[in-house]
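Take a look at the structure set out below.
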Amino acid sequence: MLERISISNYAIIDNLTLDFNQGFSVFTGETGAGKSVLIGALGLLLGARSDATMIRSDAESMTIEGSFLIQDAEIQQFLSEYNIDEPSNVIIRREIFQQGKNRVFINGNQETLSRLEEIGDRLADMHGQHDHQLLLNKKVHGDVLDSFAGLLKEQVKFAKLYKDTVSKLEEKKLLEKNAESLKKEKDFYLNAHKEITESHLKDSEEEDLKSELVQMQNKEKIAEALHNAHQGMYASELNATLILEDAKKSLQSISSFSKKYEELSELIEDALIKSKESGHLLSSYLEEMDFNTDTMDKTLDRIALIKELKRKYQKSTIAELNHFAEECQHLTDKADNLDAEMEKLFKEYEEILDLLGTEALRLSQLRQESAVSMSSKIEKELSFLGMDSSKFEVKITYVKNEDSFLTLNNNKIAVTEKGIDKVEFMMATNVGEEVKPLVKIASGGEISRVMLSLKSALAQSDPVGTGVFDEIDAGIGGMIAHNVALKMQEIATLRQIFCITHLAQIASKAEFHYQVRKETDGQRTYTNVILLSGEERIKEIARMLGGEGEISENLAREMLSS
């Protein structure tokens, strides 16, 4: 329930704070006093779109703050899932600036406007004088029935099953599409795998082959250089190895005289060892130079093969070619196992589709049972509200759709995340008439009473703690207005009810009566709201009855006392 609302700089409201109680509250006042402005402020608090032009003249911004007491466990759980601290006490603050900027705070934490809209739907249920037209949209009829029947949780469970079924269907279609493509390309993958693997490619092979080719192409120059070096190291009479041998012997003879001669001797010995190693390598490299034209041709052919494979399979390196060969093996294996995989997936799809059909029929059966009860209850409510000749029917049908994936009783039936039922409210307002869709019957006043009847029927199951009716009593009067007031009283035993009204019959039945006044301080006009009691309330109801004399006031007293 809404415990308090504070409004500043909104339209003709300067600064206003109101405290509220559980039960039935009405707002009355002259036309233009600001009653609708008050409801507009509440709408902004619950997430309605803002308009900077509504900011009071000369003010930079407007602020609306409200405090809600949440007693329903499900709504508390919903708020907890949105990380709202203290979900039993929710304080919302909305700031709107001239530049169009919005700021929303919930229990001190800044939130988005979209988040406020979602939360606001759980805090209050608002119905304006034109909102009953929503009943003429048959798309909402299914949700109204589910709310009456207490099937909203079932609806959520079915929606998840529906989404899982659609997901499995998409997976099946994708596999069928991929399977067709894979079977067509299987031969390509087989040949690619065979061609690459039988080539026995090594990751570094291409670089090694190019290096070998460079050596073959420069054979004479390399051979001459290696030969000259070998001659200098070993073959000449005055070669490096002999010189180092002599130097080593000479230094060894004096190494005992000083540490430095010993170190020098060790350096010469190291040089001699490396000289001998170099000689062995020179000999080895000279032997490697013994290749012929056939060897070069084979190297060139191997390089050409690698180049062709990279071009053919659009790869940059041998490593990529080898990886692609592994992928080809995987895809070939997958193609071989495709039938088993498809059989498994198709079985899973048939199982979830059967479950969807079973759950759709079960949900439909529950709705049909509740539809009878709902129709009977609405007719009783309408009778009480002066429409005792009316007949109300909740019509449930299925729609055939050849493109649907769900088959029931050998018929393709349209299905959505809400089930297979097409729900529509039908009504006849006079005896002997056939029921017709709501859009084709009734005046505005009659539709208002249908809305009130629905609200009365839903009061037991609706968890939203606050209901707001903005002049939905338009078009009624007399005893009907009296009964509408009694019905609002009844609903108010279960929910907090706010009602803006011009009817004295309704105002007299409220527990709390607020008068909305337009006042002036000589310079500015502003809206004020007063909680009436005693003689003030009598005078206001007398005004609503059309007079201010003793007769009107006595009638007002009688209405209040009854």
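The values are calculated or read from the model by the stated rules, or taken from the named source; none is laboratory data. A quick note: this is a predicted structure, and the numbers were derived from the prediction, not measured. Positions of Cβ are generated from backbone atoms using ideal geometry, with glycine treated the same way; all protein chains shown enter the neighbour counts.
A compact table of results
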read-out: Test: residue in the stretch 96-105 that is touching an Asp or Glu at 6+ places or on another chain (Cβ under 7 Å), under 30 Å from GLU65 (Cβ atoms) and surrounded by fewer than 15 Cβ atoms within 10 Å (Cβ to Cβ); value: yes
read-out: Selected residue (criterion: surrounded by the most Cβ atoms within 10 Å (Cβ to Cβ)) from residues of the stretch 175-187 that are among the aliphatic types (A, V, I, L, M) and closer than 14 Å to GLU343 by Cα; value: LEU175
read-out: Residue list for the stretch 1-37, restricted to those being touching an Asp or Glu at 6+ places or on another chain (Cβ under 7 Å) and in a loop (DSSP other than H, G, I, E, B); value: PHE20, GLY23
read-out: Of residues in the stretch 378-412 being in contact with a strand residue (DSSP E or B) (Cβ under 7 Å, 6 or more places away or on another chain) and free of Cβ contacts under 8 Å to residues at least 24 places away in the same chain, the one nearest to SER456 (Cα to Cα); value: GLU379
read-out: Residues of the stretch 461-480 classified as surrounded by 23 or more Cβ atoms within 10 Å (Cβ to Cβ) and not in a strand (DSSP E or B), total; value: 3
read-out: Residue that is surrounded by the fewest Cβ atoms within 10 Å (Cβ to Cβ) [pool: residues in the stretch 539-562 that are free of Cβ contacts under 8 Å to residues at least 24 places away in the same chain and touching a strand residue (DSSP E or B) at 6+ places or on another chain (Cβ under 9 Å)]; value: LYS539
read-out: Checking THR407 against (1) within 28 Å of ARG495 (Cβ to Cβ); (2) surrounded by fewer than 21 Cβ atoms within 10 Å (Cβ to Cβ), the condition it does not meet; value: (1)
read-out: Test for GLU220: is it in a helix (DSSP H, G or I) and either in contact with a helix residue (DSSP H, G or I) (Cβ under 9 Å, 6 or more places away or on another chain) or modelled with pLDDT of 70 or more (or both); value: no
read-out: Selection status of SER57, in the same structural domain as LEU113 (by TED's automatic domain parsing) and surrounded by 13 or more Cβ atoms within 10 Å (Cβ to Cβ); value: no
read-out: Matching residues, the stretch 49-78, being outside any strand (DSSP E or B), of a type outside the set (D, E, K, R), touching a residue at least 24 places away in the same chain (Cβ under 8 Å) and within 23 Å of PHE498 (Cβ to Cβ); value: SER50, MET54, ILE70, GLN71, ILE75, PHE78
read-out: Strands (runs of 3 or more DSSP E) wholly inside the stretch 79-130 that include at least 2 residues being closer than 19 Å to MET62 by Cβ and free of Cβ contacts under 8 Å to residues at least 12 places away in the same chain; value: 109-111
read-out: So GLY47, is it surrounded by 18 or more Cβ atoms within 10 Å (Cβ to Cβ) and modelled with pLDDT under 90; value: yes
read-out: Residues of the stretch 407-435 classified as assigned to a loop (DSSP other than H, G, I, E, B), of a type outside the set (Asp, Glu) and at pLDDT 90 or above, total; value: 4
read-out: Answer from THR416, THR525 - the residue that is hydroxyl-bearing (Ser, Thr, Tyr) and either out of contact with any helix residue (DSSP H, G or I) (no Cβ under 9 Å at 6 or more places or on another chain) or in the same structural domain as ILE119 (by TED's automatic domain parsing) (or both); value: THR525
read-out: Residue ID - nearest to LYS157 (Cα to Cα), chosen from residues in the stretch 419-439 that are out of contact with any helix residue (DSSP H, G or I) (no Cβ under 8 Å at 6 or more places or on another chain) and acidic (Asp, Glu); value: GLU434
read-out: So LYS298, is it charged (D, E, K, R) and either under 14 Å from ASP203 (Cα atoms) or modelled with pLDDT of 90 or more (or both); value: no
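Each row is one residue, and each column tells you yes or no for (1) at pLDDT 90 or above; (2) within 18 Å of HIS141 (Cα to Cα).
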position	(1), (2)
LYS440	no, yes
MET451	no, yes
SER461	no, yes
GLU471	no, no
ALA474	no, no
THR493	no, no
GLN515	yes, no
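Results for (1) farther than 30 Å from LYS172 by Cα; (2) touching a residue at least 60 places away in the same chain (Cβ under 8 Å); (3) basic (Lys, Arg), shown as yes or no for each residue.
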site	(1), (2), (3)
LEU305	yes, yes, no
GLU308	yes, no, no
ARG311	yes, no, yes
ALA325	no, yes, no
LEU331	no, yes, no
ASP336	no, no, no
GLU343	no, no, no
